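Undergrad: So that we are looking at the same thing, I have put the structure below in structure tokens.
The values are calculated or read from the model by the stated rules, or taken from the named source; none is laboratory data. Note that this is a predicted model, so its numbers are computed, not measured. Counting neighbours? That spans all protein chains shown, and the Cβs are built from the backbone with ideal geometry, glycine included. These area figures cover heavy atoms from the full protein model, side chains too; ligands, DNA and RNA do not enter into them. Shrake-Rupley method; radii C 1.70, N 1.55, O 1.52, S 1.80 Å.
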Amino acid sequence: MKADHFEQQKLLALADEDVALTRLAHRRRTLPEVAAVEAAAEAERRFAEAEVRAETEVRDLDREQKRLEADVDTVRQRATRDQSRIDSGAATAKEITSLQSELQSLARRQSDLEDQVLEFMERRETADATLGAAQEGRAKAAADRERAEQLRDDALADIADSTARHEAARAEVAAGISAPLLTLYDRVKAQTGATGAAPLKARQCQGCRIELNGRELAAVRNADPHEVVRCENCGRILVRTAESGL
């Protein structure tokens, strides 16, 4: 294929735009702000789960404590009735003995229940602290996530703006290149996954960074200036410049 030597020079500008677009695409895929959002969201999820567990434990402890307090109240009421029966003087000696024995049992039962209530109150205090820590952690993680999302959105917007500028610049350069040469460039670009052309600098292809051997260098040196030459190693179009070392 032949193409005007100066038209071939335009391929370098096209390659520069493709390199810029590739870097922007890579930056978008590996954006640290995206990872920061995911990390903050995961932390928020863990704290939310911890909060639910803590809330459940607090409710369970409250329910059990209320049951125990109700039992204490029942025991106290029974003890009050027994003592009133004794104090009334209407009970027989045998009844008084029985009531006094029951009062002792009720006192022991009340003491046991009150100890259990105290234990549940201590457990509730610990559960409250756990719940508070989970709520505080979730709130902080949510704030971190929101900040990370804003930074991510700003970075993505910057990438989008830069991508649009480079795509417009690429389209402008491509418009000045003949269809056959542009088609070849795009085909090679698809094969390399990067660019379709590279400058020959100091006898080295700047695409694959491999220096041309004597035979390859002679072939390029003897080629017509308008001949489209290719790198035998990477297949890119070799654009000859004053720095090619020919």
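Undergrad: Along the Cα→Cβ direction, 7 angstrom out, place labels at D60 and Q150. What is the inter-label distance in nm?
TA: 4.0
Undergrad: Find the Rg to Rh ratio for the stretch 1-112, where Rh is the Kirkwood radius over alpha-carbon pairs and Rg uses the same atoms.
TA: 1.84
Undergrad: Please compute, over every Cα-Cα pair in the chain, the percentage with a separation greater than 26 angstrom.
TA: Every Cα pair in the chain considered, those over 26 Å come to 67 percent.
Undergrad: Take the eigenvalues of the Cα gyration tensor for the stretch 118-246, scale each by 5, and report the square roots as semi-axes in whole Å, largest first.
TA: Value: 62, 19, 11 Å, ordered largest first.
Undergrad: What distance in nm lies between label points placed 7 Å from Cα along the C-beta direction at D115 and T92?
TA: Between D115 and T92, the label points sit 3.7 nm apart.
Undergrad: Okay, next question. Quantify how much of the Cα-Cα distance distribution of the stretch 50-157 extends past 22 Å, in percent.
TA: Roughly 59 percent, rounded to a whole number.
Undergrad: What accessible area, in Å² to the nearest ten, does a 1.4 Å probe give for H26?
TA: H26 has an accessible surface of roughly 100 Å² with all protein chains in place.
Undergrad: To continue, here is another question. Apply 1/(1 + (r/R0)^6) to the Cβ-Cβ distance of H26 and H226, taking R0 = 35 Å, and write down the FRET efficiency to the nearest 0.05.
TA: Efficiency, from the Cβ-Cβ distance: 0.50.
Undergrad: Give the long-range amide H neighbours of V239: residues separated by 5 or more places, or on another chain, with amide H under 5 Å away, using H modelled in the peptide plane at 1.01 Å from N.
TA: Answer set, sorted by chain and number: A198, L200.
Undergrad: What's the extension gain from K140 to R45 if we count 0.36 nm per residue and subtract their Cα-Cα distance?
TA: 33.0 nm is the gain from fully extending K140 to R45.
Undergrad: Now, a different point. Over the chain, what is the percentage of antiparallel beta bridges among all DSSP beta bridges, to the nearest 5?
TA: Around 60 percent antiparallel, to the nearest 5.
Undergrad: Percent relative contact order of the chain, based on C-alpha pairs within less than 8 angstrom and at least six residues apart?
TA: 33
Undergrad: Continuing with the same structure: If DNA, RNA and ligands are ignored and the probe is 1.4 Å, what is the ranking of S178, S244 by accessible area, most exposed first?
TA: S178, S244
Undergrad: Moving on to the next point. Quick one, can you get me the convex hull of the C-alpha atoms of the stretch 134-190 expressed as volume per residue in Å³?
TA: Considering the Cα atoms of the stretch 134-190, their hull volume per residue is 74 Å³.
Undergrad: Quick check: from the Cα gyration tensor, does the stretch 97-144 come out rounded (a/c under 1.5), prolate or oblate?
TA: Prolate is the answer for the stretch 97-144, as a/c is 1.5 or above and a/b outweighs b/c.
Undergrad: Turning to a different aspect of this structure: So what is Rg over Rh here for the stretch 180-246, counting just Cα atoms and using Kirkwood for Rh?
TA: My calculation of the ratio gives 0.94.
Undergrad: If you don't mind, another one. Label points 7 Å out from Cα along the Cβ direction at E38 and R108: separation in nm?
TA: So the two model labels end up 6.4 nm from each other.
Undergrad: Pairwise over distinct Cα atoms, reciprocal of the mean inverse distance: report the Kirkwood radius of the stretch 36-100 in Å, one decimal place.
TA: Taking every pair of different Cα atoms in the stretch 36-100, averaging 1/r and inverting gives 16.1 Å.
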